[in-house]
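All remarks here apply to the structure that follows.
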Amino acid sequence: MKKKKIFVVAGARPNFMKIAPIVRAMDASPAFETVIVHTGQHYDHNMSGSFFAELGIRRPDHNLEVGSGTHAFQTASVMMKFEEICLTDRPDYVMVVGDVNSTIAAGLVAKKLGASLIHVEAGLRSGDRLMPEEINRLATDAITDIFFTTEKGATANLVSTGCDPGRVHFVGNVMIDNLFYQLGRLEASAVSGEVATLKQSIRGNYICLTMHRPSNVDNPEVLEAMLAALGDLAGEVPVIFPCHPRSRKNITRFGLDGYLSEPPINGGTVKEGLLCMPPLGYNDFLYLWKDAALVITDSGGLQEETTALEIPCITIRENTERPVTVEVGSNLIVGSDGERLKAESLKALSGRWKPCTVPELWDGHAGERITSVLEGACGI
Ligand code: UD1
């Protein structure tokens, strides 16, 4: 039987963790010729290259190198360059993951060239159409042929808007496949010296923070209010803040560098401070947050990963497209209310948190389930 050619597309940092377990499972199947396409939406070593090396993904077969720009520029650049390789290399299937600009851009090209479109992490909805990712989710799901969902609510969202239930497959969460895989391999020797030193120098509780959403970092008043609240918390315990390039640029542009401290270079004891550092690779960050008393974040993936490890997570957004992390998991939404953020954080630091469990099928085998559904679709 002729193998089906499947393009697996990734563009931005959170995509790389999602394609890793899928590519591993699909490479082991006789049914597929898997081609990895990196759009180049993210391009810095710490935002892109390091992930391919440490997540055990082979090098991309294509890199479109689109880089940064406005939403229209970025989306259009991916479309033009992705169309070229699709016209030359004619995929049977195109698989997109998540909700970034590369997701919708590659999806549109695929459908117009007659390939079947597969969306992994389909059906998630925040209900907030001011989020660029929500538009990407809605538009991608409107043209998808085969949907893979991470939680039952996502399946319900799709079915209630008219998707054929036979095309929607609840398979669990590839982000968690990757987490378990990496945890199994994580040794102190795999992390950078700087990160190992930082962890050793903290005795007792600490918080890990990520913050990069436009809603938190693009408006100077909002960003300053968040940094002020986080700064107060950082007076109690160290807050480790690997800082996304978007946030880093805005903190400096708005004159807010005074809220940040430098992590120690040569050890010593660290008892406090909003410790800002460049973005970290996957293992470096995992090595830190897996032992944190609390994670504060506006990322989607980290809400899920903390839920899988049952670590208290506070989400600094008004909503989440991943409600299962709140309903059964360790996640709590506080919005941009600094006082609430502080009060809830102190609760977590004192060990008082809500009871939580790991959602259904978040067991490390979603990539294999996806592969077996697709084998079925190809008649294997
Ligand atoms: C994108 C995704 C977001 C995801 C985030 C993870 C969209 C609409 N948003 O947002 O869902 O949570 O990635 O990081 O697709 N930059 C660099 N180096 C890089 C990449 C970006 O310096 O390697 C800087 C550039 O100044 C760029 C800015 O970061 O303009 C924002 O990058 P962009 O890809 O536009 O969006 P993100 O905020 O990263």
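The values are calculated or read from the model by the stated rules, or taken from the named source; none is laboratory data. A quick note: this is a predicted structure, and the numbers were derived from the prediction, not measured. We place every Cβ from the backbone using ideal geometry, glycine too, and count neighbours over all the protein chains shown. Accessible surface is based on the protein model in full, side chains and every heavy atom, while ligands, DNA and RNA are left aside. Shrake-Rupley method; radii C 1.70, N 1.55, O 1.52, S 1.80 Å.
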Residue selected from the stretch 216-227 under the condition of a type outside the set (A, V, I, L, M) and within 16 Å of the ligand (Cβ to nearest atom), by the criterion surrounded by the most Cβ atoms within 10 Å (Cβ to Cβ) = 216
Where residue 65 falls short, out of the listed (1) touching a residue at least 40 places away in the same chain (Cβ under 8 Å); (2) not in a helix (DSSP H, G or I) = (1)
Go through 23, 100 for me and flag whichever is near the ligand (Cβ under 10 Å from one of its atoms), among the hydrophobic types (A, V, I, L, M, F, W, C) and under 25 Å from residue 146 (Cα atoms).
-> 100
For the stretch 150-168, the count of residues that are outside any loop (DSSP other than H, G, I, E, B) and either in contact with an Asp or Glu (Cβ under 7 Å, 6 or more places away or on another chain) or open to solvent by less than 50 Å² (accessible area, probe 1.4 Å) (or both) equals 6
Any idea how many residues of the stretch 281-301 are in contact with a Ser or Thr (Cβ under 6 Å, 6 or more places away or on another chain) and either closer than 22 Å to residue 52 by Cα or among the basic types (Lys, Arg) (or both)?
-> 3
From the options 213, 203, residue that is out of contact with any Ser or Thr (no Cβ under 7 Å at 6 or more places or on another chain) and either open to solvent by 10 Å² or more (accessible area, probe 1.4 Å) or within 16 Å of the ligand (Cβ to nearest atom) (or both) | 213
Within the stretch 248-299, considering residues that are of a type in the set (Gly, Ala, Ser) and in contact with a strand residue (DSSP E or B) (Cβ under 7 Å, 6 or more places away or on another chain), the one surrounded by the most Cβ atoms within 10 Å (Cβ to Cβ) | 292
For residues that are more than 13 Å from the ligand (Cβ to nearest atom) and farther than 22 Å from residue 134 by Cα, scanning just the stretch 64-80, find the one that is surrounded by the most Cβ atoms within 10 Å (Cβ to Cβ).
-> 64
Name the residues in the stretch 28-56 that are at pLDDT 90 or above and part of a loop (DSSP other than H, G, I, E, B), would you?
-> 28, 29, 30, 31, 39, 40, 41, 42, 43, 44, 48, 55
Selection from the stretch 228-247 of residues within 16 Å of the ligand (Cβ to nearest atom) and open to solvent by 20 Å² or more (accessible area, probe 1.4 Å) yields 244, 245, 246
Within the stretch 44-62, can you find the residues that are open to solvent by less than 30 Å² (accessible area, probe 1.4 Å) and in contact (Cβ under 8 Å) with a residue 60 or more places away in the chain?
-> 47, 50, 51, 55
Of the residues in the stretch 91-112, those that are part of a helix (DSSP H, G or I), open to solvent by 10 Å² or more (accessible area, probe 1.4 Å) and under 21 Å from residue 213 (Cβ atoms) come to 101, 104
Output the number of residues of the stretch 1-16 satisfying the condition of being part of a helix (DSSP H, G or I), open to solvent by 20 Å² or more (accessible area, probe 1.4 Å) and either more than 16 Å from the ligand (Cβ to nearest atom) or in contact with a strand residue (DSSP E or B) (Cβ under 9 Å, 6 or more places away or on another chain) (or both).
-> 1
Among (1) open to solvent by 40 Å² or more (accessible area, probe 1.4 Å); (2) more than 21 Å from the chain's Cα centre (by Cα), the one test that residue 198 misses = (1)
Could you tell me which numbered condition residue 83 fails, if it satisfies all but one of (1) closer than 17 Å to residue 10 by Cβ; (2) among the acidic types (Asp, Glu); (3) open to solvent by 20 Å² or more (accessible area, probe 1.4 Å)?
-> (1)
